[in-house]
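J.: The structure follows.
The values are calculated or read from the model by the stated rules, or taken from the named source; none is laboratory data. Note that the structure is predicted; figures quoted are calculated from it, not measured. For neighbour counting, all protein chains shown are included, and Cβ atoms are generated from backbone atoms with ideal geometry for every residue, glycine included.
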Amino acid sequence: MFSVPQKEKMFFAEHLSLMIKGGISITEALETLRNESKNKTFKKAIGDILKRVMEGETLSKSLENHPKIFDSFFSSAVRVGEESGSLEENLQYLSDNMKSEYEMQSTVKSAMAYPIIIIVMALGIAFGVSFFILPKLTQLFQILGVDLPFLTKILIRSVFILQRYGILILALLVLGVFGFRMLLKIKKIKFIFDKIILSLPFTGPISKNINLARFARIFFTLLKSGMPILDSLEICSHSISNEVYKQKILELRNAVEKGEKISQGLKKDPKIFFPIFSQMVSVGEKSGTLEESFLYLAKFYERETSQALKNISATIEPALLIIVGLFVAFIALAVITPIYKFTGEFKFR
């Protein structure tokens with residue numbers, strides 16, 4: 001089954017909110033959105049939701065039947081909106097939340113696009129030279145009896161290994177990636193992996209910023225929609241993919257249930273929840289502006305993530321160019337040096 005893009009769900013929430021606010025019934029709005037959807041999976045899901053709503057089921061209950069498309073965060077916010085009579089407002093909050101996530105995902109993809117293009121181009125050059133140019137030159141060198149330089153011998157040996165064992169190497173790489181992804185489905189292994197990612201010097205700060213931004217944005221949305229604090233923390237823990245943050249948020253939820261303030265629980269893990277995070281939450285608790293504090297933190301860490309990705313991209317780009325340049329220079333020297341050596345000996349003779 002094909003997945004549903006974040007953009008589709010974002011527009012669904014926003015358009016449904018606008019139509020309900022404009023006085024259109026939920027069934028009519030769902031029918032319109034089903035007809036307008038271009039994604040087959042999403043169109044089918046909306047059709048099933050429409051059918052269930054027409055049979056008397058609530059919208060939130062209908063959404064819960066499609067957990068792969070609408071997670072507990074989405075359906076819970078809709079349920080609270082139905083109960084409090086603020087469905088259109090909650091749908092707008094959900095749309096705003098997804099817009100922020102979409103923008104963050106776009107920033108990450110943009111930062112990764114240039115390095116990926118450079119790497120693919122380098123591999124393309126290596127493949128073209130190794131499998132189309134070098135074999136012919138190797139035969140020529142053998143016929144002419146040229147004594148090959150060290151670099152050329154390394155390149156020829158590498159091409160020989162790739163030609164003979166290339167399929168096996170590719171199969172092992174694919175199996176390795178597939179096996180690694182399967183291992184990450186095991187909770188304990190995923191926890192260890194996420195902990196390592198958070199501890200690394202480059203990925204750690206960015207991963208923390210991303211998780212803090214997501215936690216703050218989801219918690220703000222749930223509080224704004226009227227969800228109780230304990231339920232909001234419970235849903236936040238299910239909506240965060242990082243197992244370390246998932247566990248810490250659950251511990252925070254249990255501490256709050258026992259009577260602790262949110263800021264007190266956050267201060268127990270300063271490496272996971274930065275001091276500025278807990279301080280801003282403490283200010284919100286004291287001033288009665290907890291929702292606004294989490295909104296501020298969400299925007300702050302989204303900006304921090306964006307800036308960090310731009311800085312890393314600016315650092316990686318010249319480094320990649322140098323590496324690719326050295327790689328191309330190695331291939332060029334390995335190919336040109338024996339030709340130059342042969343022509344020199346030919347002139348000498």
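J.: Do the conditions hold for L266, that is, is it in contact (Cβ under 8 Å) with a residue 40 or more places away in the chain, in contact with a Leu (Cβ under 8 Å, 6 or more places away or on another chain), crowded, with 22+ Cβ neighbours inside 10 Å and assigned to a helix (DSSP H, G or I)?
T.: no
Yes/no matrix, rows are residues, columns are (1) surrounded by 14 or more Cβ atoms within 10 Å (Cβ to Cβ); (2) at pLDDT 80 or above; (3) not aliphatic (A, V, I, L, M):
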site: T305; (1), (2), (3): yes, yes, yes
site: A308; (1), (2), (3): yes, yes, no
site: I312; (1), (2), (3): yes, no, no
site: T315; (1), (2), (3): no, no, yes
site: F330; (1), (2), (3): yes, yes, yes
site: V335; (1), (2), (3): yes, no, no
site: P338; (1), (2), (3): yes, no, yes
site: T343; (1), (2), (3): no, no, yes
site: K347; (1), (2), (3): no, no, yes
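J.: Another question, if that's okay. Quick one: count up the residues across the range 1-25 that are within 14 Å of H66 (Cα to Cα), surrounded by 15 or more Cβ atoms within 10 Å (Cβ to Cβ) and of a type in the set (A, V, I, L, M).
T.: Qualifying residue count, the range 1-25: 1.
J.: Now for a separate question. Just checking, how many residues over the range 201-238 are in contact (Cβ under 8 Å) with a residue 40 or more places away in the chain, surrounded by fewer than 22 Cβ atoms within 10 Å (Cβ to Cβ) and of a type in the set (G, A, S)?
T.: Residues meeting the conditions: 1.
J.: Something else about it: Among P270, P205, P275, which is the only one that is closer than 22 Å to T305 by Cα and under 20 Å from the mean Cα position of the chain (by Cα)?
T.: That would be P205, the only listed residue that is closer than 22 Å to T305 by Cα and under 20 Å from the mean Cα position of the chain (by Cα).
J.: I'm trying to understand the selection: among the residues of the range 231-263, which are polar (S, T, N, Q) and part of a helix (DSSP H, G or I)?
T.: Once the filter is applied, which keeps residues that are polar (S, T, N, Q) and part of a helix (DSSP H, G or I), the range 231-263 yields S232, S237, S239, Q247, N254, S263.
J.: Something else: Quick one: in the range 171-200, which of the residues that are closer than 27 Å to R303 by Cα and aliphatic (A, V, I, L, M) is surrounded by the most Cβ atoms within 10 Å (Cβ to Cβ)?
T.: Only one residue fits best here, namely L198.
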